[in-house]
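Q: Dumping the structure here so I can ask a few things about it.
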Amino acid sequence: KCGACGPGYATPLDAMKGKYCPREEIVYLPCIYRNTGIEKPDYLATVDVDPKSPHYCQVIHRLPMPNLKDELHHSGWNACSSCFGDVTKRRNRLILPSLISSRIYVVDVGTDSRAPRIHKIVEPVELFWKGNAANPHTSHCLGSGDILISCLGDPSGNGKGGFILLDGETFEVKGNWENGEKVAPLGYDFWYQPRHNVLMSTEWGTPKVLADGFNPADIERGHYGRYINVWDWSTHTYLQAIDLGKGSIPLEIRFLHNPDAAEGFVGCALSGAVHRFYKTEKGDWAAEKVIEVPNKKVQGWLLPDMPGLITDILISLDDRFLYFSNWLHGDIRQYDISNTRKPKLVGQVFLGGSITKGGPVTVVEDKELQCQPEPFVLKGKRVPGGPQMIQLSLDGKRLYVTSSLYSGWDKQFYPDLVKEGSVMLQIDVDTERGGLKVNKNFLVDFGKEPGGPVLAHEIRYPGGDSTSDIWM
């Protein structure tokens, strides 16, 4: 039975084999109305992804939040594989931080997984008073039973890469995780690896600067990130900053799933690079660029050079394949990382983007493509936007994709996406040789929601997935 030994799985390979849980049947996605012109609260959507179900590819439940303009974004669990073996723990609460309002919603998904309900609301003032923190982003459960949430800033909207601890039973704010006077200048995502006594965090930008859109001049002003920040796991102190270059904007960071591994990858949005980070012989940490998506020279766009904008990145549970999305260019890529220092491109598929034929952008120089891709049409619908959040099935055979990045940037870069709503797609993965192919029968169109077109973001499975579970 799934969870008979506590939440999650004993090892990443146990999770991948499907030994304890069947394939995913439903997924959860936060749906955002902020910046769409529709004055309705964000909500958590439950989507049926079981091909045998009569409700396949349909939203079967919506849980609206009680407030407007929260900007739900990423989510995490009250318990995951870091608590495996603890029979007192259950993966029954989804933690939903709000990027803009700074609220944290605790959602009960255990009573009825197909119809979640709100369990508790942590109001922003709790984060402000107890941690001088705001703009919560990534949530990971800890083996201790607590929940660790990274934050982008302070209550005034300035950059501050700190963390908030929630009690895993009461969901009260316990205070900051970090100790000492040194704190990272900016925050975003994080991952921890206890066997190497380390936590790594990344940097997006200053919250009050990025809130309503992107201005390239803000890079020169130092408002966007460039560092991987290294923390001592046991003392919670800030040790080191690994510089990935001005304007790189390192976002999602992933250690290899093997808990013995002392390496991983980070995707940099604006530089279009993937860096491998690793522990050196001296015992500190370093990074090397292992993948680079070249900019395209264009006309009819914000800048003369268009980056790919790597916005999400993940690793299969067997640590064999790495995937990432190029939100602006419009493609998803699959790399074989059997040799972590030399990733090999083995799969690529275009799902829209800013450079499709017939659009406002003309590509005048391209180091990768011979011509501009065709618009992406599925089930008669021309899909707006580009591929953004990705989630891989536990067995590694299905890659789910959504197209919304963040409402303020969606509105700026893909106005049609805001008008028409985002989509969820599914890509079939060749796990033997590598290769990606669109499932032509799978489309969830969030433009047809009862409350009007909405922006669906990150994808979570009730049984855990490759971006939420960490092994101790």
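Q: Of all helices (runs of 4 or more DSSP H) completely enclosed by the range 115-228, which ones contain at least 1 residues that are among the acidic types (Asp, Glu) and open to solvent by 10 Å² or more (accessible area, probe 1.4 Å)?
A: On the way: elements: 124-131, 207-210, 217-220.
By residue number, 124-131, 217-220.
Q: Another question, then. How many of the residues making up the range 265-294 are among the aliphatic types (A, V, I, L, M), open to solvent by less than 30 Å² (accessible area, probe 1.4 Å) and in a loop (DSSP other than H, G, I, E, B)?
A: Here the count works out to 2.
Q: Looking only at the range 307-317, decide whether some residue is of a type outside the set (Val, Ile, Thr), outside any loop (DSSP other than H, G, I, E, B) and farther than 19 Å from THR431 by Cα. I'd like the intermediate steps shown before the answer.
A: Here is the first cut: in the range 307-317, the ones of a type outside the set (Val, Ile, Thr) are 307-309, 312, 314, 316-317.
Then keep just the ones that are outside any loop (DSSP other than H, G, I, E, B); that gives 312, 314.
Those left that are additionally farther than 19 Å from THR431 by Cα: 312.
Taking every residue of the range 307-317 in turn, at least one turns out to be of a type outside the set (Val, Ile, Thr), outside any loop (DSSP other than H, G, I, E, B) and farther than 19 Å from THR431 by Cα.
Q: Name the residues in the range 391-414 that are among the charged types (D, E, K, R) and open to solvent by less than 10 Å² (accessible area, probe 1.4 Å), would you?
A: Of the residues in the range 391-414, the ones among the charged types (D, E, K, R) are 395, 397-398, 410-411.
Answer for the range 391-414, where residues must be among the charged types (D, E, K, R) and open to solvent by less than 10 Å² (accessible area, probe 1.4 Å): just ASP410.
Q: Quick test for you: out of ASP50, ASP70, pick the one residue that is farther than 30 Å from ASN176 by Cβ and either assigned to a loop (DSSP other than H, G, I, E, B) or open to solvent by 20 Å² or more (accessible area, probe 1.4 Å) (or both).
A: Details: ASP70 fails: farther than 30 Å from ASN176 by Cβ.
Of ASP50, ASP70, the one residue that is farther than 30 Å from ASN176 by Cβ and either assigned to a loop (DSSP other than H, G, I, E, B) or open to solvent by 20 Å² or more (accessible area, probe 1.4 Å) (or both) is ASP50.
Q: Quick one: SER98 ticks every box in (1) in contact (Cβ under 8 Å) with a residue 60 or more places away in the chain; (2) open to solvent by less than 40 Å² (accessible area, probe 1.4 Å); (3) polar (S, T, N, Q) bar one, so which box is it?
A: Unmet for SER98, out of (1) in contact (Cβ under 8 Å) with a residue 60 or more places away in the chain; (2) open to solvent by less than 40 Å² (accessible area, probe 1.4 Å); (3) polar (S, T, N, Q): (1).
Q: On to the next question. For the range 423-472, what are the residues that are over 30 Å from GLY264 (Cα atoms), among the small types (Gly, Ala, Ser) and assigned to a loop (DSSP other than H, G, I, E, B)?
A: The answer is GLY451, GLY452.
Q: Inspect all residues belonging to the range 162-175 and state whether any of them is within 22 Å of VAL107 (Cβ to Cβ), among the polar types (S, T, N, Q) and touching a residue at least 60 places away in the same chain (Cβ under 8 Å). Explain how you work it out, then say what you get.
A: If we filter the range 162-175 for residues that are within 22 Å of VAL107 (Cβ to Cβ), which is where we start, we get 163-174.
Filter once more, keeping what is among the polar types (S, T, N, Q): 170.
Retained after the next criterion (residues that are touching a residue at least 60 places away in the same chain (Cβ under 8 Å)): none.
No, the range 162-175 contains no residue that is within 22 Å of VAL107 (Cβ to Cβ), among the polar types (S, T, N, Q) and touching a residue at least 60 places away in the same chain (Cβ under 8 Å).
Q: For the range 109-134, which residues satisfy the criterion of being aliphatic (A, V, I, L, M), under 30 Å from ASP154 (Cβ atoms) and within 23 Å of the chain's Cα centre (by Cα)? Let's see the steps before the verdict.
A: Taking the range 109-134 first, the residues aliphatic (A, V, I, L, M) are 109, 115, 118, 121-122, 125, 127, 133-134.
Next, from what is left, pick out any that are under 30 Å from ASP154 (Cβ atoms): 118, 121-122, 125, 127, 133-134.
ILE118, ILE121, VAL122, LEU127, ALA133, ALA134 - these are the residues of the range 109-134 that are aliphatic (A, V, I, L, M), under 30 Å from ASP154 (Cβ atoms) and within 23 Å of the chain's Cα centre (by Cα).
Q: Now a separate question. Residue under question is VAL444, and the condition is that it be among the β-branched types (Val, Ile, Thr), touching a strand residue (DSSP E or B) at 6+ places or on another chain (Cβ under 8 Å), on the phi < 0 side of the Ramachandran plot and open to solvent by 10 Å² or more (accessible area, probe 1.4 Å); does it hold? Break it down stepwise before answering.
A: On the way: among the β-branched types (Val, Ile, Thr): yes; touching a strand residue (DSSP E or B) at 6+ places or on another chain (Cβ under 8 Å): yes; on the phi < 0 side of the Ramachandran plot: yes; open to solvent by 10 Å² or more (accessible area, probe 1.4 Å): no.
It is false that VAL444 is among the β-branched types (Val, Ile, Thr), touching a strand residue (DSSP E or B) at 6+ places or on another chain (Cβ under 8 Å), on the phi < 0 side of the Ramachandran plot and open to solvent by 10 Å² or more (accessible area, probe 1.4 Å).
Q: If a residue must be part of a strand (DSSP E or B) and without any contact (Cβ under 8 Å) to a residue 60 or more places away in the chain, how many such residues does the range 233-264 contain?
A: Taking the range 233-264 as the starting set, the residues that turn out to be part of a strand (DSSP E or B) are 238-243, 250-255, 263-264.
Applying the additional criterion that residues be without any contact (Cβ under 8 Å) to a residue 60 or more places away in the chain yields 239-243.
Total meeting the criteria: 5.
Q: Which one is nearest to ARG23 (Cα to Cα) among residues in the range 351-390 that are basic (Lys, Arg) and open to solvent by 40 Å² or more (accessible area, probe 1.4 Å)? Reasoning before the result, please.
A: Start the filter on the range 351-390 by keeping residues that are basic (Lys, Arg), which leaves 357, 367, 379, 381-382.
Adding the requirement that they be open to solvent by 40 Å² or more (accessible area, probe 1.4 Å) leaves 357, 367, 379, 382.
On the way: LYS357: 37, LYS367: 39, LYS379: 25, ARG382: 29 Å.
Among residues in the range 351-390 that are basic (Lys, Arg) and open to solvent by 40 Å² or more (accessible area, probe 1.4 Å), the one nearest to ARG23 (Cα to Cα) is LYS379.
The values are calculated or read from the model by the stated rules, or taken from the named source; none is laboratory data. Predicted, not measured: the structure shown is a model, and the values here were computed from it. Neighbour counts run over all protein chains shown; Cβ positions are idealised from the backbone, glycine included. These area figures cover heavy atoms from the full protein model, side chains too; ligands, DNA and RNA do not enter into them. Shrake-Rupley method; radii C 1.70, N 1.55, O 1.52, S 1.80 Å.
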